1. I need a count of the residues in the range 206-226 that are within 25 Å of Lys128 (Cβ to Cβ) and either touching a Lys or Arg at 6+ places or on another chain (Cβ under 7 Å) or assigned to a loop (DSSP other than H, G, I, E, B) (or both).
2. Mind listing whichever residues of the range 246-279 are over 22 Å from Gln161 (Cα atoms) and either modelled with pLDDT under 90 or open to solvent by less than 20 Å² (accessible area, probe 1.4 Å) (or both)?
3. Please enumerate the residues belonging to the range 121-168 that are touching a helix residue (DSSP H, G or I) at 6+ places or on another chain (Cβ under 8 Å) and acidic (Asp, Glu).
4. For residues that are open to solvent by 20 Å² or more (accessible area, probe 1.4 Å) and either in a loop (DSSP other than H, G, I, E, B) or out of contact with any Pro (no Cβ under 6 Å at 6 or more places or on another chain) (or both), tally how many sit in the range 152-183.
5. Could you tell me how many of the residues in the range 116-151 are of a type outside the set (Lys, Arg), in contact (Cβ under 8 Å) with a residue 12 or more places away in the chain and in a loop (DSSP other than H, G, I, E, B)?
6. Within the range 262-276, is there a residue that is more than 24 Å from Phe176 (Cβ to Cβ) and touching a residue at least 40 places away in the same chain (Cβ under 8 Å)?
7. Suppose the filter is part of a loop (DSSP other than H, G, I, E, B), surrounded by 16 or more Cβ atoms within 10 Å (Cβ to Cβ) and touching a residue at least 12 places away in the same chain (Cβ under 8 Å); does Tyr236 pass it?
8. Is at least one residue of the range 222-234 of a type in the set (A, V, I, L, M, F, W, C) and under 15 Å from Val158 (Cα atoms)?
Amino acid sequence: MKRAYALFSICFFYIIIYNDLMRIGTTKKRLFGLLIIFIILIFLNAFSNNIKSFFYDKSSGLQSILWQLGKSQKTTEEIDKLKEENQKLLSDLAELENLKKENQFLREALDLGMDKEFNLILADVTAKNTFTLKGIIFEDSILINKGKDDGVRKDFPVISQNKILIGKIAEVYDSFSRIILTTDKDNMIDVEIQDTETFALSKGEGSFKMSLDLFPKDKELKEDALVYTSSLGGIYPSGLVVGKIKNVKKIDNEPYTNAEIIPSFDLSQLGRVFIVKTTQIIDD
């Protein structure tokens, strides 16, 4: 109450003196002006604590609101910054993990001396299982992120880091290529069977299956025998693992032994592959 009265008194006192000044000459106005200033200073000094306290009380609520808003804005900005930093860290971790896997992939290939044995192009698998390319649905195929611009050509063999045959290049585009797997119906591979010194043919059956053909009946064919590529066909280097023999069958009226070949690669785990730059194909 005292604070309100003090403010009211100041305003009332100033109005009275101002009206008087309007009726007095210029010189007297100056004198009275100085007197007013002097009186106001004395008055403010006397009631300064009350006035300050009054304005502080009235403004404290507004100050609190503004402080809370500022704090809230700062907190939001800090959260956004933390989110951005967290996303960058996740991206960096993903990149490091990718590099780690790539280094492991290359290390396994180097341990087998593949860099000395073959001229290789490393590629990432970008699509597999069943996918559509240019309006056509493909199975027993994969897509990779390397193409003509990277030196890839049709019929180049494609292998894993463990010298397992994946398939061969079927279609080449500027920056990507399609590979038909060993199980594709259009893929026939000259092969050799482990411990038999006998050559035969691997035929793709589709749906990730393949079979052994033209294996002489008079030769012994064992379950789980490894099937390797032969260089007879002129496309694949010799010694690449194709798969294992399963379900051996001899039919009386046929001159050849039939069997299934189980692919040695795991399509679900296929993330990177090597393309083998075959000199003979390049020269053609």
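The values are calculated or read from the model by the stated rules, or taken from the named source; none is laboratory data. Just so it is clear, the structure is predicted and the values come from calculations on it, not from any experiment. No Cβ is skipped: glycine too gets one built from the backbone with ideal geometry, and neighbour counts run over all protein chains shown. Keep in mind that these areas ignore ligands, DNA and RNA; they rest on the heavy atoms of the full protein, side chains included. Shrake-Rupley method; radii C 1.70, N 1.55, O 1.52, S 1.80 Å.
1. The first filter runs over the range 206-226 and keeps only residues within 25 Å of Lys128 (Cβ to Cβ), leaving 206-212, 226.
Subsequent filtering for residues that are either touching a Lys or Arg at 6+ places or on another chain (Cβ under 7 Å) or assigned to a loop (DSSP other than H, G, I, E, B) (or both) retains 206-208, 210-211, 226.
Total satisfying the criteria: 6.
2. Keep residues of the range 246-279 that are over 22 Å from Gln161 (Cα atoms), which gives 246-260.
Lys250, Ile251, Asp252, Asn253, Glu254, Pro255, Thr257, Ala259 - these are the residues of the range 246-279 that are over 22 Å from Gln161 (Cα atoms) and either modelled with pLDDT under 90 or open to solvent by less than 20 Å² (accessible area, probe 1.4 Å) (or both).
3. Asp155
4. Quick first cut of the range 152-183, residues open to solvent by 20 Å² or more (accessible area, probe 1.4 Å) only: 153-155, 161-164, 168, 170-176, 178.
Adding the requirement that they be either in a loop (DSSP other than H, G, I, E, B) or out of contact with any Pro (no Cβ under 6 Å at 6 or more places or on another chain) (or both) leaves 153-155, 161-164, 170-176, 178.
Residues that pass the stated criteria total 15.
5. Looking only at that region, the number is 8.
6. Yes; the residues of the range 262-276 include at least one that is more than 24 Å from Phe176 (Cβ to Cβ) and touching a residue at least 40 places away in the same chain (Cβ under 8 Å).
7. Details: part of a loop (DSSP other than H, G, I, E, B): yes; surrounded by 16 or more Cβ atoms within 10 Å (Cβ to Cβ): yes; touching a residue at least 12 places away in the same chain (Cβ under 8 Å): yes.
Considered against the rule, which asks whether it is part of a loop (DSSP other than H, G, I, E, B), surrounded by 16 or more Cβ atoms within 10 Å (Cβ to Cβ) and touching a residue at least 12 places away in the same chain (Cβ under 8 Å), Tyr236 comes out as yes.
8. The first filter runs over the range 222-234 and keeps only residues of a type in the set (A, V, I, L, M, F, W, C), leaving 225-227, 232.
Pick out the ones that are also under 15 Å from Val158 (Cα atoms) and you get none.
The answer is no, given that none of the residues of the range 222-234 is of a type in the set (A, V, I, L, M, F, W, C) and under 15 Å from Val158 (Cα atoms).
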